[in-house]
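Chemist: Please see the structure below; I have some questions.
The values are calculated or read from the model by the stated rules, or taken from the named source; none is laboratory data. Every value quoted in this text rests on a predicted model; they were computed, and no experiment measured them. FYI the Cβ positions are ideal-geometry reconstructions off the backbone, even for glycines, and counts take in every protein chain you see. Surface accessibility is based on the protein's heavy atoms, side chains included, excluding ligands, DNA and RNA. Shrake-Rupley method; radii C 1.70, N 1.55, O 1.52, S 1.80 Å.
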Amino acid sequence: MTVNAPLCFRGKKILAPMVRVGTLPMRLLALDYGADIVYCEELIDIKMLQCKRVINGKYKVLGTVDFVAPNERVVFRTCERERRHVVFQMGSANAERALAVAKLVESDVAGIDINMGCPKEYSTKASMGAALLSDPDKIESILTTLVKGICKPITCKIRILPSIEDTVNLVKRIEKTGIAAIAVHGRKKEERPQHPVHCDVIKAISEAVSIPVIANGGSHDFIKEYSDMETFQKATAASSVMIARAAMWNPSIFRKEGLFPLKEVMQAYIKYVLRYDNHYTNTKYCLCQMLREQLETTQGKKLHAAQSTQEICEAFEMADFYEETAAIFETKKTSVETETQDEDGQVEDPDVIKMAVRFDKREYPPQITPKMYLLEWCRKEKHPQPVYETVQRPLDRLFCSVVTVAEQKYRSSLWDKSKKLAEQAAAIVCLRTLGVPEGKLCEGENHLINKRKREDQERLNNRDHGEDLAEPSHKKANFIEETSDVTVPKI
């Protein structure tokens, strides 16, 4: 297949794939500082195949493409800014699954990489990562299938074998599959960062093949600042350099002009965290990797204790920025909800009376709701009890409800996160249209509360006289309100 506008893997500075670190905020920050290519963290094929692709991200306001698991967790998030620079790294031991995932993400990334170097047990016990190095036939099958199956460049990342000869022979076989480049972590699978990187092996590979070789593993021995990347590249004769820990500690390592102060880097990172709704636990982990020996400082202790993105922002003197960003997103969310209110068949009904309202239980007395007020009004006016029809939108799982009262339909134009909230909002629209009190605290005397007090007093009086107690009317009303709900269909 012809590769459209392929990535060039020569003369590049690359952010390595790092579990928990290589998420969208870190990748974007690395690009800002000068990285040419960024790899995402390794994502397992089986997990990705369970995901649905969602355009525009949470509430349609992030401008991202999300791959969302059945439990609603975002497994992979990307955006237009990185589309021509991001390589999707996959953990796989099966050619067919690998191809299926590659086709799923192909239009949103610049390339696909197969992880053949991870030595961790969670990867190797599933025959992935470094376990593939002992199965050249499987390596060849996976890479050949991908190269033939999609039109984006394919790469793989390996560790070296016990001997230079075996490593070079394996790489030559990999080259024949047609991949665009190979990244080599210059350590054996049993070696760790404190062990010296084997530049001689990477150099032997670079001299043995014609495809670009990307040298990786130099953070401990070589790379402390930008100029050190060139030193590492020359020592390995590689085409490009891939950085992991040095970039994790301070992603401004990619700046030709030199490192930025860590505080400035972390604040820039947090801005991307807020912009792209990164989960606070991942944010906290990445910031802890940056702080390192400063974790025992006052700021480090505040970060360690943080249990939300807001608390993280407070630890870094960004509370005001957090509030501003939250307000902007809430405005965008409301605007998008209003703009998309007519996208479903039910909403297009011209006979439905609509208002942009939500139910906020803080505005009502305890145990008093608009649905109860509407039910009382219908009884008083001798109308049939309200009928609620509630639907769920599959894209974001939000709810909308239409209430029918006296043959007229009412609904809120805003979608809610639960069925009950959507029905209360519909009741509010009906009550406001009819000019009937809805029970809010600001409305003054609440006749339903007074009615309950009278009924409770009557029960106490009856009890004092030893009479049988009838169930109070408000208990019956509650029962009717709950049982009047209908089954929620998905639309």
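Chemist: Can you work out the accessible area per residue across region 29-116, with the rest of the protein chains kept in place, probe 1.4 Å, in square angstrom?
Modeler: 35 Å²
Chemist: While we're looking at this one, here's another question. Within region 55-96, report the trypsin sites (Lys or Arg not before Pro) that DSSP leaves as loop and that have at most 14 other Cβ atoms within 10 Å.
Modeler: Within region 55-96, the qualifying trypsin sites (Lys or Arg not before Pro) (loop, at most 14 other Cβ atoms within 10 Å) are Arg73, Arg83, Arg84.
Chemist: Another question, then. I'd like the GluC sites (Glu not before Pro) in region 372-431 restricted to DSSP loop residues with at most 15 other Cβ atoms within 10 Å, sorted by number.
Modeler: Glu381, Glu407
Chemist: Given a 1.4 angstrom probe, what's the average accessible area per residue across region 262-339, in square angstrom?
Modeler: Dividing the accessible area of region 262-339 by its residue count gives 54 Å².
Chemist: With an 8 Å cut-off on Cα pairs and a minimum separation of 6 or more residues, tell me the relative contact order of the chain in percent.
Modeler: 11 percent
Chemist: Please identify the trypsin sites (Lys or Arg not before Pro) of region 1-52 that satisfy two criteria: DSSP loop assignment and at most 13 other Cβ atoms within 10 Å. Which are they?
Modeler: Passing both the DSSP loop test and the Cβ count: Arg10, Arg20.
Chemist: What FRET efficiency, computed as 1/(1 + (r/R0)^6) with R0 = 51 Å and r the Cβ-Cβ distance, is obtained for Arg358 and Lys148, rounded to the nearest 0.05?
Modeler: Efficiency, rounded to the nearest 0.05: 0.45.
Chemist: With contacts defined as alpha carbon pairs under 8 Å and 6 or more residues apart, what's the relative contact order of region 203-298 in percent?
Modeler: Computed value for region 203-298: 23 percent relative contact order.
Chemist: Probe radius 1.4 Å, ligands and nucleic acids left out: which of His185, His383 has the largest accessible area, and how do the rest follow?
Modeler: His383, His185
Chemist: Let me ask something additional. Express as a percent, rounded to the nearest 5, the fraction of DSSP beta bridges in region 352-434 (both residues included) that run antiparallel.
Modeler: Counting only bridges with both partners in region 352-434, antiparallel ones make up about 75 percent.
Chemist: If you roll a 1.4 Å probe over the chain with all protein chains in place, what percent of the accessible area is carbon or sulfur?
Modeler: Carbon and sulfur: 51 percent of the exposed surface of the chain.
Chemist: If you take the beta carbon distance between Ser107 and Val387 as r and set R0 to 60 Å, what does 1/(1 + (r/R0)^6) give as a FRET efficiency, to the nearest 0.05?
Modeler: 0.85
Chemist: Say the cut-off is 26 Å between C-alpha atoms; which of Lys332/Lys409; Lys125/Lys157; Lys371/Lys409; Lys13/Lys152; Lys301/Lys417; Lys125/Lys152 go over it?
Modeler: Pairs exceeding 26 Å: Lys332/Lys409; Lys301/Lys417; Lys125/Lys152.
Chemist: Show me, bin by bin at 10 Å from 0, the whole-percent P(r) of the chain based on Cα pairs.
Modeler: All Cα pairs, binned at 10 Å, distribute as 4, 17, 21, 18, 14, 11, 8, 5, 2, 0, 0 percent.
Chemist: For Gln194 and Tyr122 in one chain, what is 0.36 nm times their gap in residues minus the Cα-Cα distance, to one decimal in nm?
Modeler: 23.8 nm
Chemist: Using a Förster distance of 56 Å, how high is the FRET efficiency between Ala305 and Arg432, based on the Cβ-Cβ distance and rounded to 0.05?
Modeler: 0.80
Chemist: Turning to a different aspect of this structure: If packing is taken as the average number of other Cβ atoms within 10 Å across a peptide's residues, how do 144-151, 198-205 rank, most packed first?
Modeler: Put in order of decreasing packing, that is 198-205, 144-151.
Chemist: For region 1-114, taking Cα atoms only, what is the radius of gyration to one decimal and the Dmax to the nearest whole Å?
Modeler: 13.6, 41
Chemist: Let me ask another. In square nanometres and to one decimal, what's the mean projected area of the convex hull around the Cα atoms of region 253-303?
Modeler: So the mean shadow area of the Cα hull is 4.0 nm².
Chemist: Run the numbers for Ser134 and Lys440: contour at 0.36 nm per residue of separation, minus the present Cα-Cα distance, in nm.
Modeler: That pair, Ser134 and Lys440, stretches by 103.2 nm at full extension.
Chemist: Per residue, what accessible area does region 352-434 have, given a 1.4 Å probe and all protein chains present, in Å²?
Modeler: Accessible area per residue, region 352-434: 45 Å².
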